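I have placed the structure first, in the form of structure tokens, so that the comments after it can refer back to it.
What follows draws every value from the coordinates through simple rules; no lab data is involved. Worth saying up front: this structure is predicted, and the values here are computed from it rather than measured. Here the Cβ positions follow ideal geometry from the backbone for every residue, glycine too, while neighbour counts run over all protein chains shown.
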Amino acid sequence: MVRPYGRWIMPNLRKVAGTKEVAITGASVGAVVTELVKRYPALAANLLLDGQIRPHVIITVNGHSTDDVDAPVTEFDVVSIFPPLAGG
Amino acid sequence: MNGWNGKILEIDLATLTHKSYPLDMEMAKQFIGGRGLGARLLWDLVGPEVEPLSPENVLIFTNGPLTGTGYQTSNRFSVTTKSPLTGTVLDANSGGYWGMQFKKTGYDVLIVRGKAQKPVWIEVKNGEVAFHDASALWGMRVFAVTEKLGQDNNKRNVLCIGPAGENLSRIAAIMNDRERAAARGGPGAVMGSKNLKAIVVEGSTRPEVMDKERYKFLMYETKKLLAASPLTSQALPEFGTVVLMNIMNNIGALATRNHQQTQFEGAEAISGEELTEKYLVKNQACWACPIGCTRISKTEKVEGEGPEFESTWAFGAQCGIDDLPAIIEVNALCNDLGLDTISAGSTIACAMELSEKGYLDSDLRFGRADQLALAVEAMAYRRDIGAELADGSLRLATKYGHPELSMTSKGLEFPAYDPRGLQGQGLLYATSNRGGCHMRGNMIGLEVLGLPKLIDRFQVQGKSSFVILNQNSNAAIDSLVLCKFTNMGVADEYFARVLSAVTGVEYATGDMIKTGERVWNLERLYNNREGFTAQNDTLPPRLLTEAPTDGPSKGWVSKLEPMLKEYYRTRGWDENGVPTPKKLAELGLAELAEASYR
């Protein structure tokens with residue numbers, strides 16, 4: 001399960017996906033993102049840079065941040081994707 | 001004189017007199033300006049015998065050598081005093097336009113001493129000072145006073161207090177340019193205790209820049225750096241600060257219902273996405289700021305600045321409220337009354353828990369959005385239960401026999417981030433010199449957002465080094481006085497180059513962090529002199545012993561003790577948290593060493 005957050009400048013991640021949650025199959029964080037982009041190609045510009053996940057895109061697995069694209073994911077995990085965030 | 005104006009203006013309200021004298025330039029080079037310079041002056045002016053709300057306390061308004069030069073975000077000012085909420089050294093800083101205009105009056109520092117016999121407001125116009133009767137303004141709210149005294153963003157700027165400051169609420173803010181706030185720790189109460197309603201500044205002195213060509217190039221480079229960073233060019237202007245709501249909730253670090261939980265089921269309803277979608281009118285920027293993170297939002301009842309993330313959280317998740325229009329409206333009300341939104345929201349949350357548990361006889365209950373505005377109004381005017389809420393959650397909870405329900409360190413209410421899921425943030429809160437605060441070295445960048453690199457938020461060992469680096473860096477930026485958001489695109493040491501170009505004093509690589517460390521140690525010494533010890537470097541028992549029962553932070557409490565030991569050692573302090581003479585000598589504070597062992 002992937003939960004895309006954020007209102008992207010163009011396109012809006014949730015708007016493009018048409019839902020707040022998407023069921024995706026993938027054995028790792030990287031595989032999930034690749035599959036997500038394959039399903040919603042318009043997201044590529046926001047999520048990827050030279051084939052890698054863009055700097056400052058935030059990914060959590062079950063609420064735990066990760067910057068490891070090889071981190072394993074099972075069918076019971078929730079992957080959340082956030083655009084670059086700042087504030088405080 | 002380059003960068004600095006080289007002048008201090010000192011006002012004695014008891015006699016309605018003023019004098020001007022040269023700024024000690026050695027001191028200025030060592031502490032730069034803003035928070036650092038303010039702390040150094042406070043050290044000399046306000047000792048432990050002074051009660052914060054007595055005429056002997058002072059308000060020290062400072063700008064910095066970059067202020068008003070046009071360098072990106074060089075609009076801010078700082079106000080330093082002894083806090084009536086915490087009893088610690090306090091500086092609060094604010095953006096907008098007032099700081100820039102203050103610099104243009106020809107002064108670097110404005111010291112306000114004494115107490116006027118009746119309400120006054122001060123006008124500083126091109127170096128000239130006039131005292132005006134404020135009897136007719138006393139009781140007026142912030143927006144009305146600001147308009148009445150002729151706020152004109154680029155020409156004439158108004159700083160004032162609202163009813164909360166007049167009524168000596170210990171969580172009262174000093175407001176400037178209508179809706180900007182130097183809020184934390186109650187500086188508005190100090191201003192109220194002096195019968196000082198407002199300070200209006202108007203000036204035409206342009207700060208001199210030593211190396212104009214180098215400065216112009218650095219400004220150009222800074223523009224490029226800020227534009228290249230997705231944080232300062234996209235995240236902040238597009239989403240504002242409230243966008244943090246969903247991520248903090250997602251990771252289980254969003255303090256909820258007075259820190260009883262770490263996730264809020266209503267987070268989506270009060271998120272930045274929701275604010276942008278339904279209530280955003282436009283973005284706004286402070287003077288010389290290319291980022292423009294300020295949100296102008298609108299409901300059926302109000303239109304104004306904000307709310308920022310912390311304010312939205314304080315009246316939202318912390319009070320168990322998911323009614324965003326009510327939060328926008330109470331945020332505007334706090335601005336108009338002159339109250340710190342974080343402390344106001346968190347104090348109401350504390351009262352809600354006290355009431356629900358039967359310790360306090362009040363109608364306040366979690367989730368009751370209809371009670372927010374009533375409670376805030378009562379607080380500002382010290383009416384009914386508001387008389388007790390007005391002095392913050394620690395005094396309230398202590399009075400009703402349960403100080404452990406105050407979510408504070410050193411008496412200052414925490415912001416949104418629950419430190420059980422963010423070990424570094426807990427250490428930051430516990431050691432912050434002005435009490436529980438994220439603006440002294442926010443660890444969210446490292447522990448959540450991956451700025452500049454993601455670290456394990458639950459890790460304990462080694463965390464103190466990151467906290468110390470952030471604290472020192474923030475102290476330096478506060479002394480420059482620049483906006484911390486600039487630092488998301490521009491490194492600390494880059495500011496040293498800008499400072500050198502402007503002042504002609506060469507600051508080398510490492511000098512910014514060293515200056516920040518000097519400021520931090522001086523503030524620590526000040527607190528030690530006030531009687532604060534290692535025992536005050538702590539967190540409420542809830543955060544140390546009660547683990548969340550669900551969510552991503554399940555099972556975690558703040559493991560403060562081992563982090564503190566490591567922190568003292570890494571800081572070069574003794575085991576009691578006192579800076580050693582060796583450390584003070586290293587920082588050029590040797591003459592203060594004796595005081596640390598009094």
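Taking amide H as placed 1.01 Å from N in the peptide plane, the amide H of residue B:88 sits under 5 Å from that of B:83, each at least 5 places away or on another chain.
At R0 = 35 Å, how high is the FRET efficiency between residue B:126 and residue B:593 if r is their beta carbon distance? Nearest 0.05 is fine. Don't jump to the answer; show the numbers that get you there.
Numbers: r = 42 Å, r/R0 = 1.19.
Calculated value: 0.25.
Scanning residues 5 or more positions from residue B:360 or on other chains, those with amide H under 5 Å from its amide H are B:355, with H placed 1.01 Å from N in the peptide plane. Each residue in A:85, B:396 was given a count of other beta-carbon atoms within 10 angstrom of its own, and listing them fewest first yields B:396, A:85. The modelled label-to-label distance between residue B:384 and residue B:224, using points 7 Å beyond Cα along the C-beta direction, is 6.1 nm. If we count every other residue with Cβ under 12 angstrom of residue B:27's Cβ, Lys/Arg +1 and Asp/Glu -1, where does the sum land? Every neighbour counted, the sum reads -2. Rounded to the nearest 20, the Cβ-based charge dipole of chain B about its Cα centre (Lys and Arg +1, Asp and Glu -1) stands at 1040 debye.
Measuring against 31 Å, Cα to Cα, the residue pairs B:155/B:212; B:148/B:282; B:484/B:583; A:38/B:282; B:7/B:82; B:298/B:399 contain A:38/B:282; B:298/B:399 as the ones spanning a longer distance.
Among B:121, B:43, B:520, B:313, sorting on how many other beta-carbon atoms sit within 10 Å of each Cβ, with the fewest leading, yields B:43, B:121, B:520, B:313. Computed extension gain for residue B:268 through residue B:465, at 0.36 nm per residue and net of the alpha carbon distance, reaches 67.5 nm.
Placing +1 on the Cβ of every Lys and Arg and -1 on the Cβ of every Asp and Glu, with nothing else charged, gives the stretch B:236-413 a dipole about its Cα centre of roughly 340 debye.
Does a label point 7 Å from the Cα of residue B:575, set along Cα-to-beta-carbon, have any residues of the stretch B:527-557 with amide nitrogen under 18 Å, and which are they? Answer for this model: B:533-537.
Taking θ as phi - 60° and the Karplus parameters 6.51, -1.76 and 1.60, the scalar couplings of the stretch B:104-119 work out to 6, 6, x, 10, 9, 9, 10, 9, 10, 10, x, 9, 6, 5, 9, x Hz in sequence order, x denoting glycine and proline.
Take every pair of alpha-carbon atoms less than 8 Å apart whose residues are at least six positions apart; their mean separation over the length of the stretch B:7-202 yields a relative contact order of 22 percent.
Kindly list the residues of the stretch B:248-264 that lie in the label zone of residue B:546, defined by a backbone N under 12 Å from the point 7 Å along the Cα-to-C-beta vector. Residues B:256-262 qualify, since their backbone N sits under 12 Å from the label point.
In this rough spin-label picture, where each label sits 7 Å from Cα along the Cβ direction, the residue A:52-residue A:71 distance is 1.7 nm. Positive end of the charge dipole of the protein assembly as shown (Lys, Arg +1 and Asp, Glu -1 on Cβ, about the Cα centre): tell me which of A:81, B:587, B:438 has its Cα farthest that way. Among A:81, B:587, B:438, the one farthest towards the positive end of the dipole of the protein assembly as shown is B:587. In the stretch A:2-82, Cα pairs under 8 Å separated by at least six residues give a relative contact order of 37 percent. Each part gets one Cα centre, and for the stretch B:55-91 versus the stretch B:341-404 those centres are 29 Å apart.
Listed by chain and number, the aspartates and glutamates whose C-alpha is less than 15 Å from the C-alpha of residue B:301, apart from same-chain residues fewer than 8 away, are B:323, B:329, B:336, B:370.
Working note: Karplus 6.51/-1.76/1.60 with θ = phi - 60° gives the stretch B:87-101 the couplings x, 8, 4, 9, 10, 10, 10, 8, x, x, 10, 4, x, 4, 5 Hz, where Gly and Pro are set to x. Each of B:169, B:473, B:74 has some number of other Cβ atoms within 10 Å of its Cβ, and from fewest to most they run B:473, B:74, B:169. Per-residue 3J(HN,Hα) values for the stretch B:124-134, derived from phi via the Karplus relation 6.51 cos²θ - 1.76 cosθ + 1.60 with θ = phi - 60°, read 10, 10, 6, x, 8, 10, 10, 9, 10, 5, 10 Hz in sequence order (x marks Gly and Pro).
Short-range pairs are left out: with C-alpha atoms under 8 Å and at least six residues apart, the relative contact order of chain B is 15 percent. Run the reach check for residue B:103 against aspartates and glutamates, Cα to Cα strictly under 19 Å, same-chain hits fewer than 8 apart removed. What comes back? The reachable aspartates and glutamates, counting only those whose Cα sits under 19 Å from residue B:103, are B:10, B:24, B:91, B:123, B:128, B:152, B:177, B:202, B:208, B:478. Ignoring lysines fewer than eight residues from residue B:118 along the same chain, the ones with Cα atoms less than 16 angstrom from its Cα are B:194, B:197.
What dipole magnitude, in Debye to the nearest 20, does the stretch B:165-324 give about its Cα centre under +1 on Lys/Arg Cβ and -1 on Asp/Glu Cβ?
Values: 18 positive and 21 negative charges, 134 e Å.
Here the size comes out at about 640 debye.
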